[in-house]
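Participant: This is the structure I have questions about; it appears just below.
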Amino acid sequence: MTQSRSRQSGFTLIEISVVVIILATISAMSLFAINQAFDRRYKSQADNLLVWFNQLSDQAALEAVPYGIRGNPEDSEREVRSLRVIAYYRQHWFPVTYPESFSLEKGARVEWVVSANTDNDDRYESVGMDDEDALIPVVALMPDGYMEPRAEMILTFDSNPITFKYRWDEETAAMTMLRVAQ
């Protein structure tokens, strides 16, 4: 006696649903990990900039030479790719090769908000990095442990809403960083 059962080949709806759920879960975890990696990249760039500022301040104190910070003249005003170091010697600012300039990632932007008056006045004005071709720094880190003029630097990235603000802390004589989510 022959039984004629027709066996159907293929997958059941439950099996397909389980595979789709597993793939969706793996995709979501991967996307989350990629976003965290980008956030770490931006945080790392901001931390490196903070270390660079503080090393530059320490170098100014060690050598008893004021160091200035400005944008690289080859960069466009809207896209500053590196922060250039200049030193004050005999009444003039000169470019130096050490300490080295700080290179920013592509899509990173810096903006200085400089005090209009150095006397504890809270009026601020925004300053472009390359207002003129002369070697004039936006800010100068002085050997006595202060920054002139009183300023705040804002670091932003085109593809990330997080902003990093840098300020000179007069109590510790060092630059501090504050992470601000917009």
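Participant: Order these by the 10 Å Cβ neighbour count, fewest first: L50, L178, L141.
Facilitator: Placing the least packed residue first, the sequence is L178, L50, L141.
Participant: Something else now. Taking neighbour Cβ counts within 10 Å as the exposure measure, how do Y88, Y146, Y67 sort from fewest upward?
Facilitator: The fewest-first ordering by Cβ neighbours comes to Y146, Y88, Y67.
Participant: Can you put R90, R150, R41, R81 in order, fewest other beta carbons within 10 Å first?
Facilitator: Fewest-to-most ranking of R90, R150, R41, R81: R90, R41, R81, R150.
Taken together, the values in this text are just the output of simple stated rules run on the coordinates, not laboratory data. Computed from a prediction, not measured in an experiment: that's the story for all the values here. Here Cβ is always computed from backbone atoms with ideal geometry, including for glycine, and neighbour counts include all displayed protein chains.
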